[in-house]
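Below: the structure, in structure tokens.
No lab work stands behind these numbers, since they all come straight from the coordinates. Treat the numbers as computed from the prediction; the structure is a model and nothing was measured. Heads up, the Cβs are rebuilt from the backbone with ideal geometry, glycines too, and the neighbour counts pull from every protein chain shown.
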Amino acid sequence: MSLTTTRPVRRLGTRFLGVVPFLVSLTVVLVVLELVGRTGAFIAVPPVTDVAARFGELLTNGTLIEPLRTSLTTLGIGLAISIGAGTVIGLAMGLSPTVDALLDLYVKAGMSAPIIAFVPLLMLLFGIGPETRIATVVLFSIWVVIVNTSSGIRRADPARLEMARSFGTTRWGVLRQIRIVEATPYLLEGVRLGVARGVKGLINGEVLIAIVGLGGLVKTYGTAFSMDQLYAVILFIVLLALLAVGTASAIGPLILRHNREG
Amino acid sequence: MTEFATPAIAIDGVGKDYLDPRGGPPVRALDGVDISIAPGEFVSIIGPSGCGKTTLLKMVDGLIGVDRGEISVLGRRVSGPGPERAVVFQSFALLPWLTVEDNVAFGLKQRGVAAQERRRIAREHLERVGLGGFEDKHPSQLSGGMQQRVGLARALAVNPSVLLMDEPFSAIDAQTRLLLQSDLLRIWADTDMTVLFVTHAMDEAVFLSDRVVIMEPRPGRVREVLPIDLPRPRTEEIRSTARFAELTSAVWDRLRGMIANEDAA
């Protein structure tokens, strides 16, 4: 009795209390950075208010327009390739033990390899044009899409698969009506992680390959030790990544619109 | 019940081997099983675990292939699942993301029945199993007994001649189980379905069946076929008759030896 009455209150309470420590730590960090920045003792630590001012300028003065367009195009093409090809490869690995045995090692290697080390190789292959940056985005993001797809597809309940077979469901029908539905949370998580990694790949590519896009701004401000501007761009990139991941999280369920529990 | 023109289910010298995962010689799961079931008959298979009863049922559905012998349903050799058979599964095997109605309509959908028609048939069978009004619920909102009623309605909806039931009530509490048994008999009596029912509950086998096939393990074989001469229609009262007790203890007599051996082994 007391359990059922106190639980909702407690949950609301813990939820509110969960945000408080974060706000406290954020305030402390910002105040400390501001104070340290004001002393001017470290070039690496500009005052937070300066960063905020540069961030405001960045958004309003048009510096961002061209780099953002370049970056988003690269990211969009790269992620489309990663999610498309990654899903197809993941499905094949999830459905066929043979394909899984053939590719598993390479996918695991791709998951953990320092992709950044392959950028010079990509430059040899594709030159310094947008193809190399797109390839970097793909190499950063495709593995997690493959792994999540294949493990999601394999998780289907054997009893449900047997039931479907008994009722004469075709292989394609089993994939569509059971396997993909059961894998949906994994597929969505793969896309979310893929987008986050894709943004990383994008910036890495832009910094290393050609001074274009948002990564180009990072490089420009970084080499000039213009720390307030550098941090403003980094802040923008982080927010952009969060937005991209958020968009993927919002769009995913619309495409895979199965309500698992109703 | 000895000779029929065309049995509903003919299991003829059936054997099945399983490979030993540790690389030993193959294990004989089933050997030389002969069972012939007449159209409209209700037959239970009972036996200790490892006697291959569920394997046998899945072979009749065509989910598992035979290694020796042959199985025919309505005179046609089984080579895979077919539209004249439907299975009720031990674990229910419902799809939790679908409504009760869509679960019942699953088999119809696979056969390309139009949406309107599927809906009508699904609702009709939900009424039949006592779940009218639950169409829009999801399986997780139902008790185990009600979930298996959905499983039964899904099988009945495709209008099978042969209903295969794989320990359908074993995951359901004892009281609910008794109700499900009575309801199953009532539903079956209105049809000309043949039922093959795998169970490990002796009273369940006796209450439901025309004949009880008692199997023994290692290798899985038919030990004995026991005719159940209780009158039909059978109601709850029959459980308290002397004949019911006699038949149940006759089944137990056959099984006891095997289970004792099992325990000693």
- Farthest toward positive dipole pole in chain A [+1 Lys/Arg, -1 Asp/Glu at C-beta], among A:Gly37, A:Ala113, A:Pro47: A:Ala113
- Quick calc, region B:58-170, dipole around Cα centre from Cβ unit charges on Lys, Arg (+) and Asp, Glu (-), nearest 20 debye, gives 220
- At R0 = 41 Å the Cβ-Cβ FRET efficiency linking A:Val88 and A:Val28, nearest 0.05, sits at 0.30
- Nearest-0.05 FRET efficiency for A:Thr60 and B:Ser143, computed from C-beta distance (R0 60 Å): 0.45
- Message: Once you place label points 7 Å from the Cα toward the Cβ at B:Ala171 and A:Tyr106, how far apart are they in nm?
- Response: 4.0
- Note on chain A: helices (DSSP H) long enough, at least 30 Å by alpha carbon along their axis, and hydrophobic enough, mean Kyte-Doolittle at least -0.5, are A:2-39, A:65-95, A:130-154, A:180-208, A:227-255
- Note on the structure: Once Lys and Arg are counted +1 and Asp and Glu -1 for all other residues with Cβ under 11 Å from that of B:Leu57, the total becomes 0
- Query: Translational D (Stokes-Einstein, µm²/s) of region B:14-62 at 25 °C and 0.890 mPa s when Rh comes from the Kirkwood sum over C-alpha pairs?
  - Reply: 198
- Message: Order these by the 10 Å Cβ neighbour count, fewest first: A:Lys219, B:Lys109.
- Response: B:Lys109, A:Lys219
- Average partner chain C-beta neighbours within 10 Å, per residue of A:162-175? 6
- Item | Charge tally in the Cβ shell below 13 Å around B:Ser240, where Lys, Arg are +1 and Asp, Glu are -1, B:Ser240 excluded | -1
- Over the protein assembly as shown - Rg/Rh using Cα atoms and the Kirkwood inverse-distance radius: 1.15
- Can you pull the Kirkwood radius for region A:8-150, inverse mean 1/r over Cα pairs, to one decimal in Å? 19.6
- If you place +1 on the Cβ of every Lys and Arg, -1 on the Cβ of every Asp and Glu, and leave all else neutral, what size is the dipole of chain A about its Cα centre, to the nearest 20 Debye? 880
- Checking B:Pro168, B:Pro83, B:Pro233 against a Gaussian network model of chain B (alpha-carbon springs below 10 Å), the top fluctuating residue turns out to be B:Pro233
- Query: What do you get for Rg/Rh over region B:69-199 if you use C-alpha atoms and the Kirkwood form of Rh?
  - Reply: 0.96
- Message: For peptide B:90-100, what's the mean number of Cβ atoms from other chains within 10 Å of each residue's Cβ?
- Response: 5
- Kirkwood Rh, Cα atoms: Rg over Rh of chain A: 1.08
- Message: Over 16 Å apart: what share of the alpha carbon pairs of region B:1-94 falls there, rounded to a whole percent?
- Response: 58
- Query: Exposure proxy check: A:Ser112, A:Ser249 ranked by fewest other beta carbons within 10 Å?
  - Reply: A:Ser112, A:Ser249
- Item | Least to most buried among B:Leu230, B:Leu185, A:Leu102 (fewest other Cβ within 10 Å first) | A:Leu102, B:Leu230, B:Leu185
- Item | Estimated 222 nm signal from helices in chain A, with DSSP H stretches of n ≥ 4 weighted -39500 (n - 2.57), rounded to 500 | -28000 deg cm²/dmol
- Message: 5 Å is the cut-off here: which amide hydrogens, built 1.01 Å from N in the peptide plane, fall below it relative to B:Glu224, excluding neighbours closer than 5 in sequence?
- Response: B:Ile214
- Relative contact order (%) - chain A, alpha-carbon pairs under 8 angstrom, separation at least six: 23
- Message: From the Cα trace of region A:102-210, what convex hull volume per residue do you get, rounded to a whole Å³?
- Response: 113
- Message: What's the ranking of A:67-78, A:124-135, A:203-214 by average number of surrounding C-beta atoms within 10 Å, highest first?
- Response: A:203-214, A:67-78, A:124-135
- How large is the dipole of the protein assembly as shown about the Cα centre if only Lys and Arg carry +1 and Asp and Glu carry -1, each at its Cβ, rounded to the nearest 20 debye? 1180
- Query: Nearest 0.05, what FRET efficiency do B:Tyr18 and B:Asp183 give at R0 = 25 Å with Cβ-Cβ as r?
  - Reply: 0.10
